[in-house]
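Shown next, in structure tokens, is the structure this report addresses.
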Amino acid sequence: MKTKNFLIAGIVGGIVDFLLGWLFYGIIFKDSFPQPEENNLTMLMIFLGCITFGLFVAYIYTQWAQISTAATGAKAGAIIGLFVGLFLNFFNMAMNSEATFQMFALDVVIGVVMTTIIGAVIGMVNGKVGGQSE
């Protein structure tokens with residue numbers, strides 16, 4: 001594995017995830033989802049979760065799939081986003097009595113869109129940092 005690709009692409013992807021989450025969940029769909037308490041620990045945990053997700057996608061792209069373009073990264077990101085969105089929302093429906101099927105569907109769509117963009121960015125960064133091509 002190219003460690004430099006993994007770390008740089010993963011951190012950039014995590015930052016993009018954080019910013020997209022703020023845009024989608026904190027601004028555009030703010031009234032559709034419960035909002036977290038705004039304190040330093042909450043924001044830190046959200047940020048670390050985003051960085052972890054960016055590193056997860058970057059690991060898949062660098063270690064297993066050798067994805068190094070925005071187009072291929074977007075395609076793989078859409079699939080990853082679909083499965084992660086379904087996974088999380090099935091559990092959310094089971095555990096959260098306030099969850100609705102409308103929230104479920106909207107969150108899956110948002111997850112696919114966000115992970116498509118995150119995947120494209122990680123693929124592009126991976127290609128530029130490593131200079132590898134598909």
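Observations
- In segment 2-16, the count of residues that are out of contact with any Asp or Glu (no Cβ under 9 Å at 6 or more places or on another chain), surrounded by 15 or more Cβ atoms within 10 Å (Cβ to Cβ), part of a loop (DSSP other than H, G, I, E, B) and touching a residue at least 40 places away in the same chain (Cβ under 8 Å) is one or more.
- Of all the residues in segment 79-124, those that are surrounded by fewer than 21 Cβ atoms within 10 Å (Cβ to Cβ), part of a helix (DSSP H, G or I) and either touching a strand residue (DSSP E or B) at 6+ places or on another chain (Cβ under 7 Å) or not aliphatic (A, V, I, L, M) (or both) number 10.
- Output for segment 47-73, where each listed residue is crowded, with 16+ Cβ neighbours inside 10 Å and more than 17 Å from PHE6 (Cβ to Cβ): ALA70
Let's see how each residue does on (1) out of contact with any helix residue (DSSP H, G or I) (no Cβ under 8 Å at 6 or more places or on another chain); (2) at pLDDT 95 or above:
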residue	(1), (2)
LEU23	yes, yes
ILE28	yes, yes
ILE51	no, yes
ALA99	no, no
VAL108	no, yes
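- Scope segment 30-51; condition part of a loop (DSSP other than H, G, I, E, B) and closer than 22 Å to ASN96 by Cα; matching residues: PHE33, PRO34, GLN35, PRO36, GLU37, GLU38
- Per the listing GLY127, GLY54, the residue uniquely assigned to a helix (DSSP H, G or I), small (Gly, Ala, Ser) and within 21 Å of LEU23 (Cβ to Cβ) is GLY54.
- Checking each residue in segment 87-134 for being farther than 14 Å from TYR25 by Cβ and charged (D, E, K, R) picks out GLU98, LYS128, GLU134.
- Residues being touching a residue at least 12 places away in the same chain (Cβ under 8 Å) and out of contact with any Asp or Glu (no Cβ under 6 Å at 6 or more places or on another chain) - total across segment 17-52: 14
The values are calculated or read from the model by the stated rules, or taken from the named source; none is laboratory data. Quick caveat, the model's predicted, so the values are computed rather than measured. We place every Cβ from the backbone using ideal geometry, glycine too, and count neighbours over all the protein chains shown.
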